[in-house]
Amino acid sequence: MSAASGVLLRASAAGETVRAMAAVTTGVVEEARQRHGTYPTATAALGRTLTAGLLLGATMKDEEGLSIELVGDGPLRRVMVTTTGDGRVRGYVSRPDTHLPSKNGKLDVAGAIGDGLLCVMRTQPWNKEPYRSVMKLVSGEIAEDITHYLLTSEQMPSATALGVFVNADGTVGAAGGYLVQILNGAADELVGLIERNVAALPHVTTLIRRGDGPHEILAAVLAGLEVRVIADEPVVFACTCTRERVMGALLLLGRDEIEDMIRKEGQAEVRCEFCAEQYLVGRDELAMLTTETEGSA
Ligand SMILES: [Zn+2]
């Protein structure tokens, strides 16, 4: 795992009636691009969703898990992101080689996703069943869809911005976003103030490209309010896959299947869908697995 490849700031304002998060995730999204070999439009879709995962994850309690899934009829098919809420996020898209002509000078993320559904799932160790919300995509640009999710599913008015700037050579030049939540009891004037601040701001990647960090972004979004910083945390692209889990998954295939692999390929190649890590399991290790499945297959 790499060192911190991004940073997330949590803050509150106006006597705790406003909760705000901002993140610069350029390194996180660049790592995802390198691992999955995404083309620019796919990079933007995955990067926005990874950033959304980190921002929403920062609103969760310890030990909660979150997944954000977008499924559409566009060429990208599917975006999947999961986070454990401790600044670690991972994700993938079904078709990493998706790239569309730009629309109004911007990467056409909505066109890549198409019409479809947003599914947000929260797992909480104290609840047996995960909390699952499924809704129609309202724009496919992801930020608007997250705002819609928060309003309809969690009755939480919010302002969300997500952005990924892809360089001419395909690498990630800037990525990040912010999420401002208005809690119960906030004054109407406060909502108006934040709306005016947000409307006056340039695109979030413009801020990041000129060198603004999460502190500067939140200061601009919450201009006119006293901001209280809660935490300033590193964020990384990090997967939960391990060699042991891969071996466990192979074991589930059963003895016949494993012996078949030994005969035909002499080894097993397993690729983690989330992080694209390749695990090579050799003949000896496979043979060992067959002894573990003895009598069961
Ligand atoms: Zn993995």
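Results, tabulated for the structure shown:
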quantity	calculated
³J(HN,Hα), Karplus 6.51/-1.76/1.60, whole Hz, each residue of the stretch 161-176, x for Gly, Pro	9, 9, x, 9, 9, 9, 5, 4, 8, x, 6, 8, x, 6, 8, x
Additional length obtainable on full extension of the chain from LYS103 to GLU257, 0.36 nm per residue less Cα span	50.6 nm
The chain: calculated mean residue ellipticity at 222 nm from DSSP helix runs of at least 4, using -39500 (n - 2.57)	-10500 deg cm²/dmol
Where a label projected 7 Å from the Cα of SER153 along Cα→Cβ would reach, residues of the stretch 174-199 with amide N under 17 Å	179-181
Of LEU56, GLY74, CYS272, farthest towards positive along the dipole that unit charges on Lys, Arg, Asp, Glu beta carbons give the chain	GLY74
Within straight-line cross-link reach of LYS136, aspartates and glutamates at Cα separation under 16 Å, skipping those fewer than 8 residues along the same chain	GLU69, ASP73, ASP115, GLU144, ASP145, GLU154
Exposure ranking of HIS148, HIS215 by accessible area [1.4 Å probe, largest first]	HIS215, HIS148
Cysteines, the chain, no other Cys beta-carbon under 4.7 Å	CYS119
Under the Karplus curve 6.51 cos²θ - 1.76 cosθ + 1.60, θ = phi - 60°, whole-Hz ³J(HN,Hα) for the stretch 219-225, x wherever Gly or Pro sits	4, 6, 5, 9, 3, x, 10
Label-point separation in nm, ASP232 to GLU16, each point 7 Å along Cα→Cβ	2.3
Nearest-ten-degree value, helix 283-292 long axis tilted from longest Cα axis of the chain	90
Length-normalised contact order for the stretch 108-226 - Cα pairs under 8 Å, 6+ apart - percent	16
Listed residues ASP108, ASP256 arranged by accessible area, highest first, probe 1.4 Å	ASP256, ASP108
Of the GluC sites (Glu not before Pro) in the stretch 60-146, those whose Cβ has at most 14 other Cβ within 10 Å and which sit in DSSP loop	GLU63
Folded to 0 to 90 degrees: helix 243-252 orientation relative to the chain principal axis, Cα	60
Per-residue SASA entry for ARG10, accessible area with 1.4 Å probe, Å² rounded to 10	60
Counted charge near ASP73, where neighbours are those whose Cβ lies closer than 13 Å (Asp, Glu -1; Lys, Arg +1)	+3
Options GLY105, MET135, THR160, ranked by Cα towards positive dipole end of the stretch 100-170, top entry (Cβ charges)	MET135
In order through the stretch 92-99: 3J(HN,Hα) via Karplus (6.51 cos²θ - 1.76 cosθ + 1.60), integer Hz, x for Gly, Pro	8, 10, 5, 10, x, 8, 7, 8
Linear extension gain, VAL191 paired with GLU273, 0.36 nm per residue minus alpha-carbon span	25.4 nm
Protection proxy ranking of 160-170, 276-286, 76-86 - average other beta-carbon atoms within 10 Å, highest first	76-86, 160-170, 276-286
Euclidean distance of C-alpha centroids, the stretch 191-249 and the stretch 63-88, integer Å	17
Accessible area, probe 1.4 Å, largest first, for residues ARG209, ARG95, ARG35	ARG209, ARG95, ARG35
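The values are calculated or read from the model by the stated rules, or taken from the named source; none is laboratory data. For clarity, every value in this text was computed on a predicted model and none was experimentally measured. When we count neighbours, we look across all protein chains shown, and the Cβ atoms used for this are built from the backbone with ideal geometry, even at glycine. The protein model used for the area step is the full one, side chains on, heavy atoms only, and it has no ligands, DNA or RNA in it. Shrake-Rupley method; radii C 1.70, N 1.55, O 1.52, S 1.80 Å.
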